[in-house]
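What follows is a single structure, written as structure tokens, with notes after it.
The values are calculated or read from the model by the stated rules, or taken from the named source; none is laboratory data. Worth saying up front: this structure is predicted, and the values here are computed from it rather than measured. Cβ placement follows ideal geometry from the backbone for every residue including glycine, while neighbour counts extend to all protein chains displayed. What goes into the accessible areas is simple: the full protein's heavy atoms, side chains included, and nothing from ligands, DNA or RNA. Shrake-Rupley method; radii C 1.70, N 1.55, O 1.52, S 1.80 Å.
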Amino acid sequence: SDHMENIYGYLMKYTNLVTGWQYRFFVLNNDAGLLEYFVNEQSRHLKPRGTLQLAGAVISPSDEDSHTFTVNAASGEQYKLRATDAKERQHWVSRLQICTQHHTEAIGKNNPPLKSRSFSLASQGSANSPGVQRRPSQNAVSFFSVGHHRLPTGKKVPIMQPDHLVDVREMMSQAEGQQRDLIRSIECLPVSGHLTSLDQDLLMLKATSMATMNCLNDCFHILQLQHASQQKGSLPAGTTISWLEPKISLANHFKNGAAQNFPAEINKPASVREEQSIAEPCQLTREPEEINPDEELEDICDDKEDDLGAVEEQRSVILHLLSQLKLGMDLTRVVLPTFILEKRSLLEMYADFMSHPDLFVAITEGGSPEERMLRFVEYYLTSFHEGRKGAIAKKPYNPIIGETFHCSWRMPKSNVATDAATSSSAHCPSEQVTLPKDPEGQAELDYYTVKFVAEQVSHHPPVSGFYAECVERKMCVNAHVWTKSKFLGMSIGVTMVGEGVLHLLEHGEEYTFSLPCAYARSILTVPWVELGGKVNINCAKTGYSASINFHTKPFYGGKLHRVTGEVKQNMTNTVVCRVQGEWNSVLEFTYSNGETKYVDLTKLSVTRKRVRPIEKQGPFESRRLWQHVTESLRDGDIDKATVHKRALEERQRNEERLRAETETPWCTKYFLKDGDGWVYHKPLWKTVSAAQTQQMDSN
């Protein structure tokens with residue numbers, strides 16, 4: 001091709017957090033299909049500092065700016081590069097893409113399919129290579145042990161073992177042992193001096209070797225699946241394949257950088273075996289469960305996350321983790337160390353945003369559309385403070401798919417603010433709802449109840465649905481949130497993608513709202529949380545809207561946790577209220593009539609949620625599901641908490657793999673897919689509408 005010429009020149013290459021960007025001399029070797037780089041042009045005759053195979057690679061211009069692009073090799077290695085301008089970037093990207101396509105197609109033409117060479121895999125390599133020699137008893141017939149069965153007879157299903165992959169597994173096991181020895185050698189180095197165990201290059205070496213083993217493990221599993229799929233077309237019906245288990249167990253949890261030796265299955269605590277052996281969720285009852293609020297008790301847990309010691313002690317683990325991350329990397333699939341976890345699930349954290357239910361119920365008591373919008377804005381801004389527990393930025397548990405959380409709040413009716421302008425005749429009698437009565441049905445209860453349910457409806461991407469309602473006040477809120485985490489250098493950013501809708505059924509109003517981004521700052525010292533971004537609240541029926549800005553702290557000066565906003569009547573473009581202050585301290589509301597209202601969040605009363613005791617919860621309710629991890633964290637036993645957390649994660653991966661292999665879709669319990677969002681299966685707006693229709697029919 002006319003475009004297959006070799007090109008060379010200087011580009012900036014991102015190395016790591018410590019070194020940052022460096023100028024390097026790059027050479028595109030089209031004949032060999034390699035991208036090589038050197039320290040400078042003068043060292044071009046020497047051995048390259050780095051080489052990347054382009055066959056199967058992906059060349060991607062970055063959306064960060066017009067100069068940056070990435071080269072992602074099939075091996076998993078990545079170069080992040082930056083040209084001097086957009087024109088030079090396009091020149092490199094186009095030439096790299098042409099070279100990549102040429103060599104990728106050449107591999108496909110020159111190599112036979114896997115089926116024709118898979119049976120010779122075990123015999124390849126030299127006779128002295130470790131783990132490659134064939135066992136004397138092994139022959140072509142013993143590769144598979146084939147059996148048959150008839151399903152109607154109920155006899156035991158025959159098993160077929162792909163023995164020829166055992167040699168591959170043995171080689172990988174040896175490589176894993178060598179990788180562990182490498183890590184131990186690095187960890188035996190002193191913590192101070194010329195060469196230490198925290199040397200940045202050694203941390204990078206540890207991360208690279210771990211990534212290599214993970215990649216090999218994934219490839220091995222793909223081989224198993226490919227062999228199984230190829231055999232399905234040639235084996236008699238009724239034949240099954242038994243995977244080589246257990247799969248390669250990689251030491252991916254560290255204490256001060258040292259590899260952890262997890263106990264054998266027989267020595268695992270009963271709680272761990274229980275976590276690993278819970279049946280496939282869809283085989284359990286997936287019918288929605290009606291939770292009786294009378295079974296719930298006031299929550300007595302008070303897990304404040306104010307212990308900074310663990311972060312200081314585990315500094316090398318954080319450095320090890322950071323050495324594996326690249327700027328902008330999606331952290332959805334990154335396993336974070338256990339010691340940075342909060343003692344609650346993300347689903348329970350969403351519930352804690354409702355810790356001021358009196359302000360929530362008071363929204364519908366507003367006597368005018370303007371008053372109701374102002375009350376919602378006040379409730380919205382006061383919800384984030386209690387959602388965070390303590391000053392330190394810790395991460396709640398990632399909910400597993402099918403996990404649920406239920407709770408409720410009760411607040412005396414006298415605590416709910418009313419509006420003097422609200423008239424008892426503001427609504428027609430047919431819109432009134434019968435208030436709950438006591439068990440004997442003699443009198444109305446003197447409190448309101450707000451019920452809450454959340455469910456993890458998707459694992460990849462991680463999406464949660466949550467719903468809350470107050471039947472007495474005929475109001476409910478439905479929301480779905482997709483948490484997208486990205487590595488930003490010395491901080492981690494979490495984008496809350498999704499939308500919530502508040503329904504005030506007495507007024508026929510719907511308020512749509514979004515959520516701000518969250519950032520964990522200073523992750524190498526004392527991590528802390530701040531919110532950032534612009535959110536909007538809109539009510540299409542009344543024409544009122546609110547625009548709220550959560551300001552991140554500037555590099556120099558400025559206040560922490562600052563928030564500003566304004567509420568407008570869109571039809572007249574009139575600002576009816578301005579807000580400023582800190583979302584975790586004091587908020588100032590200035591109204592169009594000149595009045596000013598201050599809300600001190602630190603002095604707002606918090607209503608404790610009511611939760612069923614763990615022994616009455618289902619196996620996939622958050623507190624029961626994570627109870628052993630939580631107990632271990634409370635006891636300060638990080639190793640034990642890691643074992644329990646790892647068991648839950650492994651079970652989820654196995655279930656997800658099984659569903660993929662059997663093409664079984666996941667079935668949710670409480671939420672239904674609705675376009676791009678998720679809606680509670682029995683929302684209040686449906687039940688109220690049905691009740692009103694029934695009442696009209698009876699009249």
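Report yes if residue 634 is at pLDDT 90 or above, of a type outside the set (A, V, I, L, M) and open to solvent by 60 Å² or more (accessible area, probe 1.4 Å), otherwise no.
Considered against the rule, which asks whether it is at pLDDT 90 or above, of a type outside the set (A, V, I, L, M) and open to solvent by 60 Å² or more (accessible area, probe 1.4 Å), residue 634 comes out as no.
Yes/no per residue for (1) out of contact with any Lys or Arg (no Cβ under 8 Å at 6 or more places or on another chain); (2) open to solvent by less than 20 Å² (accessible area, probe 1.4 Å); (3) on the phi > 0 side of the Ramachandran plot:
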site	(1), (2), (3)
607	no, no, no
617	no, yes, no
622	no, yes, no
650	yes, no, no
658	yes, no, no
662	yes, no, no
666	no, no, no
670	yes, yes, no
677	yes, yes, no
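Here residue 534 meets each of (1) under 27 Å from the mean Cα position of the chain (by Cα); (2) buried (at least 20 other Cβ atoms within 10 Å of the Cβ); (3) not in a loop (DSSP other than H, G, I, E, B) with one exception, condition (2).
Among the residues of region 581-595, those that are of a type outside the set (D, E, K, R) and surrounded by fewer than 10 Cβ atoms within 10 Å (Cβ to Cβ) comprise 593, 594. Could you list, in sequence order, all residues of region 470-509 that are open to solvent by 30 Å² or more (accessible area, probe 1.4 Å), farther than 20 Å from residue 673 by Cβ and in a strand (DSSP E or B)? Those that are open to solvent by 30 Å² or more (accessible area, probe 1.4 Å), farther than 20 Å from residue 673 by Cβ and in a strand (DSSP E or B): 486, 492, 494, 495. Each residue in region 191-208 was checked for being touching a residue at least 24 places away in the same chain (Cβ under 8 Å) and more than 27 Å from the chain's Cα centre (by Cα), and 3 pass. Selection over region 356-374 of residues that are of a type outside the set (Asp, Glu), open to solvent by less than 30 Å² (accessible area, probe 1.4 Å) and not in a loop (DSSP other than H, G, I, E, B) gives a count of 9. Across region 20-46, the qualifying residues are those that are farther than 25 Å from residue 98 by Cβ and assigned to a helix (DSSP H, G or I), and the one among them that is most open to solvent (accessible area, probe 1.4 Å) is 42. For residue 578, the criteria (1) open to solvent by 50 Å² or more (accessible area, probe 1.4 Å); (2) touching a residue at least 60 places away in the same chain (Cβ under 8 Å); (3) part of a strand (DSSP E or B) hold in every case but one, which is (2).
Quick one: is residue 594 small (Gly, Ala, Ser) and without any contact (Cβ under 8 Å) to a residue 24 or more places away in the chain? Criteria met by residue 594. When you look at residue 661, is it assigned by the TED database to the domain that holds residue 452, over 22 Å from residue 513 (Cβ atoms) and either touching a Cys at 6+ places or on another chain (Cβ under 8 Å) or in contact (Cβ under 8 Å) with a residue 12 or more places away in the chain (or both), yes or no? Considered against the rule, which asks whether it is assigned by the TED database to the domain that holds residue 452, over 22 Å from residue 513 (Cβ atoms) and either touching a Cys at 6+ places or on another chain (Cβ under 8 Å) or in contact (Cβ under 8 Å) with a residue 12 or more places away in the chain (or both), residue 661 comes out as yes.
Return the only residue of 612, 624, 657 being out of contact with any helix residue (DSSP H, G or I) (no Cβ under 7 Å at 6 or more places or on another chain) and of a type in the set (Lys, Arg). Show your work before the answer.
Details: 612 fails: out of contact with any helix residue (DSSP H, G or I) (no Cβ under 7 Å at 6 or more places or on another chain); 624 fails: out of contact with any helix residue (DSSP H, G or I) (no Cβ under 7 Å at 6 or more places or on another chain).
Exactly one residue qualifies, and that residue is 657.
Selection of helices (runs of 4 or more DSSP H) fully inside region 593-699 by the criterion of at least 3 residues being in contact with a Ser or Thr (Cβ under 8 Å, 6 or more places away or on another chain) and among the aliphatic types (A, V, I, L, M) returns 638-662.
So that you can scan it fast, the table gives a plain yes or no per residue for (1) of a type in the set (D, E, K, R); (2) more than 32 Å from the chain's Cα centre (by Cα):
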position: 505; (1), (2): no, yes
position: 521; (1), (2): yes, no
position: 530; (1), (2): yes, no
position: 564; (1), (2): no, no
position: 584; (1), (2): no, no
position: 589; (1), (2): no, yes
position: 598; (1), (2): no, yes
position: 606; (1), (2): no, no
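Going by what's in this entry, would residue 646 be described as touching a Phe, Trp or Tyr at 6+ places or on another chain (Cβ under 8 Å), in contact (Cβ under 8 Å) with a residue 60 or more places away in the chain, in the same structural domain as residue 467 (by the TED database) and on the phi < 0 side of the Ramachandran plot? Here the answer is yes, as residue 646 does meet what is asked. For residues that are without any contact (Cβ under 8 Å) to a residue 60 or more places away in the chain and among the hydroxyl-bearing types (Ser, Thr, Tyr), scanning just region 68-83, find the one that is most open to solvent (accessible area, probe 1.4 Å). Filtering region 68-83 for residues that are without any contact (Cβ under 8 Å) to a residue 60 or more places away in the chain and among the hydroxyl-bearing types (Ser, Thr, Tyr), the one most open to solvent (accessible area, probe 1.4 Å) comes out as 70.
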